[in-house]
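S.K.: Encoded as structure tokens, here's the structure I'll be asking about.
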Amino acid sequence: MSYFLVKAPLEARDLLQSECIVDGDMSGTVIIFTHGAGANMHSDFMNEMAEGLTAAGFGVIRFNFPYMRANGIDGKRRPPDRAPKLVKDFNLHIEAIRAEFAPERIILMGKSMGGRMAAIVAGDTQVDGVICLGYPFIPLKGGEPRLEPIEKSKAPVCVIQGERDKFGAKGVVDTWPVMNKVSLHWLTDGDHSFAPRKSSGTTQEANLAAAISYSTDFIRGLDA
């Protein structure tokens, strides 16, 4: 594991420099892995997924969105930035990563909010695939399902979802026609973080391992 600073291009000097975590070989398939709304790139979930994906032979790079970078500077907890700012920051990182590493292929992966941002980015930016881990389909405060990013993605999309995810559970998500264009996988009794109940007979570790396996199969299947 290594760290480096990705500097925003000259036209985006208003953005902070971003400390990134780089794992694995960055010359082949690189997974740009973004965090959810409440936990940063150092969370146990992010660490375990990145470790498994690196072991599968992929390069993985993580960065914090602007509000999380600001949180790290002064220790204050902030809500997520609005989508346009997150998307702009995501694209700046993609541009910088292409320039730094020239990878053969770029896959966008995100936990919850990060997955939604990845799908939005893929509507306008050329990438090879999108993997959403616990996609936040249904706003908890009410409103229509967030299906537009998936509908408009120009790259193949894989969604890996816990069966009990409060943002979109099995029996609901799989009834939407748009999901027919998605590689959709369910994790046994998993919640939004893929954790099952003790009575389920499985574990969060097993669900994370399954998520890594589904992700690996999806990426390798892009060559088919």
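S.K.: Placing unit charges on C-beta atoms (Lys and Arg positive, Asp and Glu negative, everything else neutral), compute the dipole magnitude of the range 90-135 about its Cα centre in debye, rounded to 20.
M.R.: Numbers: 4 positive and 5 negative charges, 43 e Å.
Result for the range 90-135 is approximately 200 debye, rounded to the nearest 20.
S.K.: As I understand it, the dipole of the range 103-192 uses +1 on the Cβ of Lys and Arg and -1 on the Cβ of Asp and Glu, about the Cα centre. Which of 137, 171, 108 lies farthest toward its positive end?
M.R.: Working it through, the farthest residue towards the positive pole turns out to be 137.
S.K.: Between residue 85 and residue 141, what is the label-point separation in nm under the 7 Å Cα-to-beta-carbon projection?
M.R.: That separation, rounded to one decimal, is 1.6 nm.
S.K.: Same structure, new question: In the chain, which whole DSSP H runs stretch at least 18 Å along their own axis (Cα) and average -0.5 or higher on the Kyte-Doolittle scale? Walk me through the intermediate numbers first.
M.R.: On the way: long enough: 83-101 (26 Å, 0.04); 204-221 (25 Å, 0.02).
Helix filter hits for the chain: 83-101, 204-221.
S.K.: Express the carbon and sulfur contribution to the solvent-accessible surface of the range 140-224 as a percent, rounded to the nearest whole number, probe 1.4 angstrom.
M.R.: In the range 140-224, the share of accessible area belonging to carbon and sulfur is 50 percent.
S.K.: Let me ask something else. Show me the trypsin sites (Lys or Arg not before Pro) within the range 82-113 that DSSP assigns to loop and that have at most 10 other Cβ atoms within 10 Å of their Cβ. Walk me through the numbers before you get to the answer.
M.R.: On the way: sites: 82, 85, 88, 98, 105, 111; in loops: 82.
Here the trypsin sites (Lys or Arg not before Pro) that fit, given the DSSP loop and packing criteria, are 82.
S.K.: Per residue, how much accessible area does the range 28-98 show when a 1.4 Å probe rolls over the protein heavy atoms, in square angstrom? Walk me through the numbers on the way to the answer.
M.R.: Values: 2910 Å² over 71 residues.
Per residue, the range 28-98 has 41 Å² of solvent-accessible surface.
S.K.: At a 1.4 Å probe, what is the % contribution of carbon and sulfur to the accessible area of the range 56-137?
M.R.: On the way: 1530 of 3130 Å².
That share works out to 49 percent.
S.K.: Another one. Give me the 1.4 Å probe accessible area per residue for the range 106-218, excluding ligands and nucleic acids, in Å². Could the numbers behind the result be given before it?
M.R.: Numbers: 4820 Å² over 113 residues.
With the other protein chains kept in place, the range 106-218 gives 43 Å² per residue.
S.K.: Provide the solvent-accessible area of residue 20, counting protein heavy atoms only and rolling a 1.4 Å probe, rounded to the nearest 10 Å².
M.R.: Answer for residue 20: close to 0 Å² accessible.
S.K.: Given the chain, what percent of its DSSP beta bridges are antiparallel, to the nearest 5?
M.R.: Values: 8 of 33 bridges.
Here the share of antiparallel DSSP bridges comes out near 25 percent.
S.K.: Where in the range 67-90 does the label zone of residue 148 land, with the point 7 angstrom along Cα→C-beta and an amide N cut-off under 16 Å?
M.R.: Flagged as within label range: 82-88.
S.K.: Is there a quick way to get the dipole size of the chain? I mean about its Cα centre, with the Cβ of Lys and Arg at +1 and of Asp and Glu at -1; what is the value in debye to the nearest 20? Walk me through the intermediate numbers first.
M.R.: Numbers: 25 positive and 27 negative charges, 146 e Å.
Using Cβ point charges on Lys, Arg, Asp and Glu, the chain gives about 700 debye.
S.K.: Still on this structure: Grab the Cα-Cα distance for residue 73 and residue 37, subtract it from 0.36 nm times how many residues apart they are, and report the gain in nm with one decimal. Kindly include the intermediate steps, with their values, before the conclusion.
M.R.: Details: separation 36, 0.36 × 36 = 12.96 nm, distance 1.74 nm.
Value of the extension gain: 11.2 nm.
S.K.: Roughly speaking, what is the stretch gain from residue 55 to residue 174, that is 0.36 nm per residue apart minus the C-alpha to C-alpha distance, in nm to one decimal?
M.R.: Values: separation 119, 0.36 × 119 = 42.84 nm, distance 3.06 nm.
Stretched fully, the residue 55-residue 174 segment lengthens by 39.8 nm.
S.K.: Let me ask something additional. Select from the range 52-156 those GluC sites (Glu not before Pro) which occupy a DSSP coil region and have at most 14 other Cβ atoms within 10 Å, ordered by residue number. Don't skip to the end; give the middle numbers.
M.R.: On the way: sites: 95, 100, 104, 151; in loops: 104.
Here the GluC sites (Glu not before Pro) that fit, given the DSSP loop and packing criteria, are 104.
S.K.: In addition: Using only the heavy atoms of the protein chains and a 1.4 Å probe, how would 222, 140, 208, 147 rank by accessible area, largest first?
M.R.: Details: 222 50, 140 105, 208 10, 147 30 Å².
Reading off the accessible areas and sorting them downward yields 140, 222, 147, 208.
The values are calculated or read from the model by the stated rules, or taken from the named source; none is laboratory data. Quantities reported herein were computed from a predicted structural model and do not represent experimental measurements. A quick note on method: Cβ atoms are made from the backbone with ideal geometry, for glycine too, and the neighbour counts reach across all protein chains shown. For accessibility, only protein heavy atoms count, side chains too; no ligands or nucleic acids. Shrake-Rupley method; radii C 1.70, N 1.55, O 1.52, S 1.80 Å.
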